[in-house]
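Chemist: Take this structure, written in structure tokens, and hold onto it; I'll ask about it next.
The values are calculated or read from the model by the stated rules, or taken from the named source; none is laboratory data. What you are looking at is a predicted structure, and each value in this text was computed from that prediction instead of being measured. A quick note on method: Cβ atoms are made from the backbone with ideal geometry, for glycine too, and the neighbour counts reach across all protein chains shown. Accessible surface is based on the protein model in full, side chains and every heavy atom, while ligands, DNA and RNA are left aside. Shrake-Rupley method; radii C 1.70, N 1.55, O 1.52, S 1.80 Å.
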Amino acid sequence: MSLTPEQLEHCVDIVEGGEAERKEIERLTAQYPDLTMEEAYDIQQRLIARKQERGQRVLGRKLGLTSRAKQQMMGVHEPTYGTLVDYMLINEGEAVRYSELIHPKAEPEIAFYLKEDLEGPAVTGAQVLAATEYVFPALEVIDSRYLNFKFTLVDVIADNSSSARYVLGGKPSRVTDLDLSLMGMVLYKNGEIVDTAAGAAVLGHPATAVAWLVRKLHERGEKLHKGDVVLSGALTGAIDFHPGDIVQAHFEKLGSVTLTCKE
């Protein structure tokens, strides 16, 4: 470990302050260039523990960097994950407040709702599907706290993988009725098509991404729990939005999810 416990806590202070004060921060690796991936997840874990101490509840997890193109762009070989806390959930029809964020972007995702715990070093996509009660269309709002949205892999992990807000939409659907890899999605902004994709954009199949997450959590002695929501990763690149904008993702068979933004 390259950082002392005191330095790890200092990193948590920096990231937590950026989110709480809604101000951009310098990336942690500018001050701690030898920060490791394991230490970055330690910082994330400590950050979430502080939120729980204040009475905030963990609702699930989210994946990031799940597309091969994004991994190549970032020069990494695997995804990242973050933790979803109750204040991040926005009910559909309720507007996201831009004033609570720094430089938010929206991403379309497929969300899993689990009916049983998932843990272990060798969990497969098939096991993920068997443990899933429902899937939903979702829009995640990412909001890196770093200056100009510039960071390294370990920086973004420490920043809870840019987690900020998310919206679940459509209707709960059984995975047995769907082929998530072939499911088409159209992303709109203010009524105009911005992008299209299919579920295969997420590591070939969204359940494959969730299985990776379970295996990664196992390395740290953690697991997914019954009732967790898991955002399986973005099907397209993230898009900017501002007050007055409406972002909508329409998924074949799953339905639509809509995000509105106000000051």
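Chemist: Between THR36 and HIS225, what's the calculated FRET efficiency when r is the beta-carbon distance and R0 is 25 Å? Round to 0.05.
Modeler: Once the sixth-power term is evaluated, E becomes 0.40.
Chemist: With a length cut of 20 Å (Cα positions projected on each helix's long axis) and a Kyte-Doolittle mean of at least -1.0, go through the chain and give me the DSSP H helices that pass.
Modeler: Span-like helices here: 5-21, 206-219.
Chemist: Now for a separate question. Simple spin-label model, 7 Å along Cα-to-Cβ: ASN148 to GLU9 in nm?
Modeler: Each label point lies 7 Å from its Cα, and together they span 3.4 nm.
Chemist: Can you sort THR176, THR36 by solvent-accessible area, 1.4 Å probe, largest first?
Modeler: Details: THR176 125, THR36 55 Å².
Largest to smallest exposure gives the sequence THR176, THR36.
Chemist: Still on this structure: Of the residues GLY221, GLY93, GLY169, which exhibits the maximal mean-square fluctuation in a Gaussian network model of the chain defined by a 10 Å Cα contact cut-off?
Modeler: Residue with maximal mean-square fluctuation among GLY221, GLY93, GLY169: GLY221.
Chemist: Give a quick list of trypsin sites (Lys or Arg not before Pro) in the range 19-86 that DSSP marks as loop, anything other than H, G, I, E or B, with at most 15 other Cβ atoms within 10 Å.
Modeler: The qualifying sites are ARG22, LYS23, ARG54, ARG57.
Chemist: If you don't mind, another one. Looking only at the range 185-219, which residues have a backbone nitrogen under 11 Å from a spot 7 Å from the Cα of VAL76 in the C-beta direction?
Modeler: none
Chemist: Sticking with this structure for a sec: Amide H to amide H under 5 Å from VAL96: which residues, 5+ apart in sequence or cross-chain, H placed 1.01 Å off N in plane?
Modeler: THR260, CYS261, LYS262
Chemist: Once you order the gyration tensor axes a ≥ b ≥ c over the Cα atoms, which shape class does the range 1-79 get: rounded for a/c under 1.5, otherwise prolate or oblate by comparing a/b with b/c?
Modeler: Judged from the Cα gyration tensor, the range 1-79 comes out oblate (a/c at least 1.5, b/c at or above a/b).
Chemist: I've got another one for you. If I build a Gaussian network model for the chain, linking alpha-carbon pairs within less than 10 angstrom, which residue out of GLY55, GLY227, GLY237 has the largest mean-square fluctuation?
Modeler: GLY55
Chemist: Give me the percent of the accessible area of the chain that comes from carbon and sulfur atoms, probe 1.4 Å, all protein chains in place. Don't skip to the answer; put the middle values down first.
Modeler: Working: 5560 of 11330 Å².
Ligands and nucleic acids excluded, carbon and sulfur give 49 percent.
Chemist: Report, in deg cm²/dmol and to the nearest 500, the calculated mean residue ellipticity at 222 nm for the chain, where each DSSP H run with n ≥ 4 adds -39500 (n - 2.57) and the sum is divided by the residue count.
Modeler: Per the formula, -8000 deg cm²/dmol.
Chemist: Which net charge results for the neighbourhood of LYS226, defined as the other residues with beta-carbon distances under 14 angstrom from its beta-carbon, given Lys and Arg at +1 and Asp and Glu at -1?
Modeler: Details: positive: ARG61, LYS115, LYS223; negative: GLU116, ASP117, GLU119, GLU133, ASP228.
Every neighbour counted, the sum reads -2.
Chemist: Let me ask something additional. For the range 143-263, what class follows from the C-alpha gyration tensor (a ≥ b ≥ c being the square roots of its eigenvalues): rounded when a/c is under 1.5, otherwise prolate if a/b is larger than b/c, else oblate?
Modeler: Oblate.
Chemist: On to the next question. Please identify, among HIS103, HIS250, HIS218, the residue showing maximal mean-square fluctuation in a Gaussian network model of the chain using a 10 angstrom Cα cutoff.
Modeler: HIS218
Chemist: Let me know the shape class of the range 6-129, please: from the alpha-carbon gyration tensor, a ≥ b ≥ c as square roots of the eigenvalues, rounded when a/c is under 1.5, otherwise prolate if a/b is greater than b/c, or oblate.
Modeler: Because its axes are fairly even, with a/c under 1.5, the range 6-129 counts as rounded.
Chemist: From zero outward in steps of 5 Å, how is the percent of C-alpha pairs of the chain spread across the bins?
Modeler: 1, 6, 14, 19, 20, 18, 13, 7, 2, 1, 0
Chemist: With unit charges on the beta carbons (Lys and Arg positive, Asp and Glu negative) and the dipole taken about the Cα centre of the range 116-224, which residue among SER173, LEU217, ALA158 sits farthest to the positive side?
Modeler: Checked the options; the winner is ALA158.
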